[in-house]
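See structure below.
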Amino acid sequence: MSLIASDNAMILESAAGWLAAGRGVALATVTGCWGSAPRPVGSLMAIADDGAMAGSVSGGCIEGAVAMEAARVIEDGEPRLLSFGISNEMAWEVGLACGGKLEIYLEPLA
Amino acid sequence: MKRRLFDALHRALADRRAVALVTDMGTGFQTLVGADGRQQGDAGLEDEFLPTVQDAIRRDRSGMVDYYDGRFFINVFAPPLRLIIAGAVHLAQALAPAAKLAGYDVTIVDPRATFATPERFPDFTLVGDWPDESLTTLKPDMRTAIVTLTHDPKFDDPLLIAALGTPAFYIGALGSRKSHAARAERLAAAGVDMADFVRIKGPVGLDIGAVSPSEIAISILADMTLTLRGTKQKSPATPVEAG
């Protein structure tokens, strides 16, 4: 069992394991949140090229969308700044039910 | 994030060192900064900017910062919270794993070799010192909670007195209201100021009607969380500085 206890440490531990296995990995970080967003600024989610996830950036509302975008980030190696909220044009599918707004920095680990 | 920087971040967390990852949102350049201001990464941060980062580390506060014409995201990675449990008793066997689940590094202190055994506490750090002496080495800080579970004044009292001299954010003592009142008298006789004594939570834990050791463990963790974070309605309680 890992000696590392904190949430973010466990997420990076998963990412390190995927990297060591030669898999492509992207890291999503909550860089801004407004309203009743469920995960605080600084929260992490790591995504592997096969769709495996560790951690979270919301209460489960937008993880799927972030994972899809992560596949592109792993592919082209370019970081992106994503924003999600009720005013988002994709609101009907990945909007935040809580009415919050989130900004997420998505970057490749390379 | 470049692999070398990721490895450094991963290592810092494994070594339980507080660090901040600073990302320049304009260029994507990233720098890892330690609590001492030492940095490594894509680009050196200006000396003038470093205190802002170090302050964020101290306050464990991540966020976006504007600096001249740039935007920087400072993500603080604090070492885990710590819990020191005095008394390797039955309740400790429930509290230790529950606290671990909540993200705490748990140390169990008990000089009685029959209690503090690896069989009873697999995967936990066991210290065989007298509880009050153990604090000299464990050095509780503002991210540390101390809970006494022995029910025995000869173990609990010296530890509680020592704990009051630390900035621990939570100090709790198991025992009924009646035994807590008796404890107040003993500690007052030992010279403890009652203004300090009120830092000791007794009976320990949030009153959720807990009966079993697991339920009591949950009530203690709930109270620790409440003390650390404060309720959603008001701002978190300010940790008490060491006197």
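If we keep just the residues of segment B:43-92 that are aliphatic (A, V, I, L, M) and part of a helix (DSSP H, G or I), which is nearest to B:ASP123 (Cα to Cα)? Among those that are aliphatic (A, V, I, L, M) and part of a helix (DSSP H, G or I), it is B:ALA92.
Restricting segment B:66-87 to residues that are touching a helix residue (DSSP H, G or I) at 6+ places or on another chain (Cβ under 9 Å) and away from every other protein chain (no Cβ under 11 Å), the residue that is most open to solvent (accessible area, probe 1.4 Å) is B:TYR67. From the list B:LEU101, B:LEU91, the lone residue that is assigned by TED's automatic domain parsing to the domain that holds B:PHE169 and under 20 Å from B:ASP156 (Cα atoms) is B:LEU91. Looking only at residues of segment B:24-56 that are in contact with a Ser or Thr (Cβ under 6 Å, 6 or more places away or on another chain) and open to solvent by 40 Å² or more (accessible area, probe 1.4 Å), we find that the one that is farthest from the other protein chains (Cβ to nearest Cβ) is B:GLN39.
Can we say A:ALA21 is of a type in the set (A, V, I, L, M, F, W, C) and surrounded by fewer than 23 Cβ atoms within 10 Å (Cβ to Cβ)? In short, yes.
A residue that is in a loop (DSSP other than H, G, I, E, B) and within 16 Å of the chain's Cα centre (by Cα) can be found somewhere in segment B:142-153. Determine the pairs where a residue that is small (Gly, Ala, Ser), located within segment B:1-18, has a partner that is part of a helix (DSSP H, G or I) with Cβ atoms under 9 Å apart, the partner being 6 or more residues away or on another chain. What qualifies is B:ALA14/A:ALA9; B:ALA14/A:GLU13; B:ALA18/B:ALA12; B:ALA18/B:ILE57; B:ALA18/B:ARG58. Restricting attention to segment B:1-42 and to residues that are assigned to a strand (DSSP E or B) and hydrophobic (A, V, I, L, M, F, W, C), the residue that is nearest to B:ARG82 (Cα to Cα) turns out to be B:VAL19.
For every residue, the table says whether it meets (1) open to solvent by less than 60 Å² (accessible area, probe 1.4 Å); (2) free of Cβ contacts under 8 Å to residues at least 12 places away in the same chain.
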| site | (1), (2) |
| --- | --- |
| B:MET142 | no, no |
| B:ALA162 | yes, no |
| B:GLY165 | yes, no |
| B:PHE169 | yes, no |
| B:SER176 | no, no |
| B:HIS180 | yes, no |
| B:ALA195 | no, yes |
| B:ASP207 | no, no |
| B:ALA210 | yes, yes |
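Selection within segment B:184-193: residues that are farther than 18 Å from B:TRP130 by Cβ and open to solvent by less than 60 Å² (accessible area, probe 1.4 Å). The member of this set that is farthest from the chain's Cα centre (by Cα) is B:ALA188. Note on segment B:118-139: residues that are within 21 Å of B:PRO97 (Cβ to Cβ) and not in a helix (DSSP H, G or I) amount to 11. Look at B:ALA168 and say whether it is in contact with a Gly (Cβ under 7 Å, 6 or more places away or on another chain), farther than 17 Å from B:PRO203 by Cα and assigned to a loop (DSSP other than H, G, I, E, B). Criteria not met by B:ALA168.
If you go through segment B:8-23 and keep only what is more than 8 Å from chain A (Cβ to nearest Cβ) and touching a helix residue (DSSP H, G or I) at 6+ places or on another chain (Cβ under 8 Å), you end up with B:ALA18, B:VAL19, B:ALA20, B:LEU21, B:VAL22.
The values are calculated or read from the model by the stated rules, or taken from the named source; none is laboratory data. In this text the structure is predicted, and so the values were computed from the model without any measurement. Because the Cβ atoms are built from the backbone with ideal geometry, glycine has one as well, and the counts that use them run over all protein chains shown. Side chains included, ligands, DNA and RNA excluded: accessible areas come from the protein's heavy atoms. Shrake-Rupley method; radii C 1.70, N 1.55, O 1.52, S 1.80 Å.
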